[in-house]
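Enquirer: Dropping a structure here in structure tokens format, bear with me for questions.
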Amino acid sequence: AKLLRDQSLAHFEMSYDTASQSGQIATSIGPLIFGGTDIRPSDLGPMGLPFTPLSGEFFAEAKIPLGGSAVTEEGFVLVRDLEIETGEYRFQRLNTAVPLTQVWPPQTTKPQQLAIGLLQAGVPLTDIVATYSLPSADTVVIEALSMSFAGGQVTTDSLDFSLAGAETHAIFTVKNVLLADLAVLSGLPGLTATGELSGTFPVRIIPGDAV
């Protein structure tokens, strides 16, 4: 196990019985605690992660059968109050606990829940709660999604998000969004507005962009 600032990065065990030609691999990562005097972004630079963890906690474990083992492949991922940056986006207070029925590519059989306190994506989105599952290697199924924006609520149902580069189409419902808050977020000097905005609008999501 490699140590980062006195924290164990990973643990690996393998057992194999030559008579039955079966065994298992058991591995775990962390728990890793980021921020302050704990693990810093510069410590993870050589790993080439697609995001930068700034604070919070991460833990993962997995069991993988070998040969004809009766061991069931399974895994578990825990994210607690994680803050990360990736490209132009910043996630704060990200929390989820995911039991996996397949380790790689990761899959789940039951819906899981993800909570994000704040997502900075050009505009601030807060109190994000998503119910999701991972049915295949290239798809995330979001069964319900809600978030706070500009004093109101934004929700959507049944969103199949492709990780393979395909477009995703969804209908978002907006309720009681304050036009005064939207005017402030626009950044246009002297722009003011009153009233509320409610309704639905279509969104076409393309990897790396949204229309």
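Enquirer: Between [x] 19.6, 70; [y] 21.0, 79; [z] 20.3, 58, which entry matches Rg and Dmax of the Cα atoms in Å as derived from the coordinates of this structure?
Expert: Label [y] holds the value from this structure.
Enquirer: Moving on. How much solvent-accessible surface does L185 expose, in Å² to the nearest 10, with a 1.4 Å probe and all protein chains in place?
Expert: Counting only protein heavy atoms, L185 exposes about 70 Å² to solvent.
Enquirer: If exposed trypsin sites (Lys or Arg not before Pro) are those in a DSSP loop with at most 13 other Cβ within 10 Å, what is the longest stretch of the chain that has none?
Expert: Details: sites that count: K2, R5.
Answer from the scan: 6-211.
Enquirer: Taking 0.36 nm per intervening residue step and subtracting the Cα-Cα distance, what contour gain separates Q21 from S186 on full extension?
Expert: 53.0 nm
Enquirer: Moving to a separate point now. Could you calculate the contour length gain from T200 to Y89, that is, 0.36 nm times the residue separation minus the distance between their Cα atoms, to one decimal place in nm? Show your work: numbers first, answer last.
Expert: Working: separation 111, 0.36 × 111 = 39.96 nm, distance 2.46 nm.
Extra length available between T200 and Y89 comes to 37.5 nm.
Enquirer: Give the ranking of H169, H11 by solvent-accessible surface, highest area first, calculated with a 1.4 Å probe. Don't skip to the answer; put the middle values down first.
Expert: Values: H169 125, H11 85 Å².
Result, largest first: H169, H11.
Enquirer: Leaving ligands, DNA and RNA out of it, rank Y132, Y89 by accessible area with a 1.4 Å probe, largest first.
Expert: Details: Y132 30, Y89 110 Å².
Heavy-atom accessible area, descending, gives Y89, Y132.
Enquirer: Quote the FRET efficiency, to the nearest 0.05, computed for L66 versus T131 with a Förster distance R0 of 41 Å and r equal to the Cβ-Cβ distance. Kindly include the intermediate steps, with their values, before the conclusion.
Expert: Working: r = 34 Å, r/R0 = 0.83.
About 0.75, to the nearest 0.05.
The values are calculated or read from the model by the stated rules, or taken from the named source; none is laboratory data. All figures in this text were calculated on a predicted structure; none of them were measured in a lab. Neighbour counts run over all protein chains shown; Cβ positions are idealised from the backbone, glycine included. These accessible areas exclude ligands, DNA and RNA; they are computed on the full protein's heavy atoms, side chains included. Shrake-Rupley method; radii C 1.70, N 1.55, O 1.52, S 1.80 Å.
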